[in-house]
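Contents: one structure, followed by commentary.
The values are calculated or read from the model by the stated rules, or taken from the named source; none is laboratory data. No experiment lies behind these values; they were computed from the predicted model shown. Cβ placement follows ideal geometry from the backbone for every residue including glycine, while neighbour counts extend to all protein chains displayed.
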Amino acid sequence: MKAEEHDLPRQWWGDFAVADGESLYWQIGPMQLQWVNAGSQWRCAYRRLADVDDESTVGWQLTRGDATPAFDENPQRFVFSQPMRHATVLPALADRSVITRPTTALTIPPRQSALLLFSTPLWFQLRCAGVSQPLFEVPISRPSDTWFGPSTCEGELAYASRTHARLQGEALPPRPHRAVTPVRIENRIDAPLLIERISLPVTLLSLFVAADGMLWTEEVTLRREQAGEMAALQVGQGAPLLAQAATLVQGPRNANRSGILLRAFAALFH
Amino acid sequence: MLESVLKFIGHIEILPAVRTVAIALAGFVVARLVSGAVIRVLGKRLDRQQLPILRRILYYGILLLFLMSALRELGFDLSVLVGAAGILTVAVGFASQTSASNLISGLFLIAERPFAVGDTIKVGEFTGEVLAIDLLSIKLRTFDNLYVRIPNEQMIKTEVVNLTKFPIRRVDIAVGVAYREDLGLVKAMLLGLADRHPLCLEEPRPIVYFAGFGESSIDLKLLVWTRRENHLELWNSLHEQIKLEFDRNAVEIPFPNRTIHPAALTEPFPVRVVAGAVREETGRT
């Protein structure tokens, strides 16, 4: 991971100043993005590399350049009434729940609990300096759409993501385009809980950065107190203990997270 | 002449006439105000079909009450009118059976809500977007921009398919491959395409369904799910991609073919059509 210029932040996000006729170029995981300042307009373009998948640990790069477009896929253009030199770039969690499927299904025996680490994809947000709403946001790696619910009539659209569901203490590969969520699953009934897929309500979570640069969310507790798919959700306060010396990067997309009972576990469709 | 007119006017009592007009005008005003107020209060609880109907019922109901009071003020005996209205109702009822049926069917449709304005539905041969659900009929706009009016009675009696009721929809793509093809390979190709396509949902999982041994091909169906607004785009692009993938891997989509045996124990003979050949017997081509 590196920033080519000494005046650029130590992370791929932050506040940036780009003079007229200059550009910033990011490579984060599988995505390349260029932001060009052309006086009263900004031009952005992004593309994803086919040979870099979501599991990749390529890291990130940030370089300054001139206004020459590096590529022209997915162009975006923003026009202002006066020249704008300052922008804020932030990582963000997904705008829908993420359905994570462990690469190997796991079972939590009756009256047991486990702390698992799930990773979810991040979005790249570009904002004008001082404005809270993003001007433009794009997923760094585009997750697949999926449906989560007991039937095709009832449920919600979500994103699908694969995860290794590592246990606490296992080494986590550094991936700047994903955030880690510690999920404590408590099985409080007398039947084993088979986890083939789990719905993470990431819109309710905040994003923190630890001292080592890894991105984390709050710890989430899913408490299964009755048979079926429903679970009581509890979101921890602040950064998880596993994130050393973490600071807040961005708050949740949806701040209303009290008393939520959500459909967290799903059997196969019937 | 003038004296006769003045004498006639003198017999008309002015005060009741003024009261009658005042009551009638008040009826228009009150009906408008009350119906508007009720709609504003209930605006969020009722939908776009129910609001105008409720407004009309309130407006004309209140207006009718005020007009009846106005007529009583003028000295009309309303019992006579009621009697005449009863007889008229029977006559009108016989004459307007269809309209009454449509009206009742419309009320049932509004209460049952199998679809709403903005939904895409299929009724008989017509598929289109619902523009309005009125008391007597519904109005559709077809995809080639035609305006279709369907009586409510017909809507109650026939099957109506709501294409946009649920957020996701399945796309079924029929594919026929030659008998000589490796079915496992074909299935893997189709599922791989679905897996890579950005519009295909990961869940419910895509399925390749064996449809049967066709006359000229092995018939398969690729069943994939997508968001309902992406249905057409996925339908078009998947067909294209299947064709390209099959061409890349030399998988044959066979034309209909027939094998003709002159007799049970002989080899089949090849048939070759030669353009421009002339038959000697008839002298015709």
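Only strands (runs of 3 or more DSSP E) wholly contained in region A:72-124 count here; list those with 2 or more residues that are surrounded by 17 or more Cβ atoms within 10 Å (Cβ to Cβ).
Working: elements: A:76-79, A:86-92, A:98-102, A:106-108, A:113-121.
Those strands (runs of 3 or more DSSP E) span A:86-92, A:98-102, A:113-121.
How do the strands (runs of 3 or more DSSP E) wholly within region B:159-274 filter down when requiring 3 or more residues that are more than 14 Å from every other protein chain (Cβ to nearest Cβ) and without any contact (Cβ under 8 Å) to a residue 24 or more places away in the chain: which remain?
Values: elements: B:160-162, B:168-177, B:207-213, B:218-227.
Ranges flagged: B:207-213.
Assuming B:LEU140 fulfils every condition listed in (1) surrounded by fewer than 17 Cβ atoms within 10 Å (Cβ to Cβ); (2) in a strand (DSSP E or B) apart from one, which condition is it?
Failed condition: (1).
Residue check: is A:PRO91 under 11 Å from the mean Cα position of the chain (by Cα) and within 14 Å of another protein chain (Cβ to nearest Cβ)?
Details: under 11 Å from the mean Cα position of the chain (by Cα): yes; within 14 Å of another protein chain (Cβ to nearest Cβ): no.
Criteria not met by A:PRO91.
With A:VAL131, A:VAL180 as the choices, which residue is β-branched (Val, Ile, Thr) and in a loop (DSSP other than H, G, I, E, B)?
Exactly one residue qualifies, and that residue is A:VAL131.
Could you tell me whether A:PRO139 is of a type outside the set (S, T, N, Q) and either within 14 Å of chain B (Cβ to nearest Cβ) or loosely packed, with under 12 Cβ neighbours inside 10 Å (or both)? Explain how you work it out, then say what you get.
On the way: of a type outside the set (S, T, N, Q): yes; either within 14 Å of chain B (Cβ to nearest Cβ) or loosely packed, with under 12 Cβ neighbours inside 10 Å (or both): yes.
Yes: the conditions hold for A:PRO139.
Which residues, taken from region B:170-195, are buried (at least 16 other Cβ atoms within 10 Å of the Cβ) and touching a Phe, Trp or Tyr at 6+ places or on another chain (Cβ under 7 Å)?
Scanning region B:170-195 gives a single hit, B:VAL171.
In this structure, is B:LEU103 surrounded by 13 or more Cβ atoms within 10 Å (Cβ to Cβ) and in the same structural domain as B:PRO16 (by TED's automatic domain parsing)?
On the way: surrounded by 13 or more Cβ atoms within 10 Å (Cβ to Cβ): yes; in the same structural domain as B:PRO16 (by TED's automatic domain parsing): no.
Criteria not met by B:LEU103.
Among the candidates B:LEU71, B:LEU78, B:LEU109, which residue alone is touching a Leu at 6+ places or on another chain (Cβ under 7 Å), surrounded by 14 or more Cβ atoms within 10 Å (Cβ to Cβ) and on the phi < 0 side of the Ramachandran plot? Break it down into steps so the answer makes sense when it comes.
On the way: B:LEU78 fails: surrounded by 14 or more Cβ atoms within 10 Å (Cβ to Cβ); B:LEU109 fails: touching a Leu at 6+ places or on another chain (Cβ under 7 Å).
Being touching a Leu at 6+ places or on another chain (Cβ under 7 Å), surrounded by 14 or more Cβ atoms within 10 Å (Cβ to Cβ) and on the phi < 0 side of the Ramachandran plot holds for just one of B:LEU71, B:LEU78, B:LEU109, which is B:LEU71.
How many residues does region B:202-213 hold that are within 15 Å of B:ILE173 (Cβ to Cβ) and not aromatic (Phe, Trp, Tyr)? So that I can check it myself, show each step before the final result.
Start the filter on region B:202-213 by keeping residues that are within 15 Å of B:ILE173 (Cβ to Cβ), which leaves B:206-211.
When the remaining residues are screened for being not aromatic (Phe, Trp, Tyr), the result is B:206-208, B:211.
Total meeting the criteria: 4.
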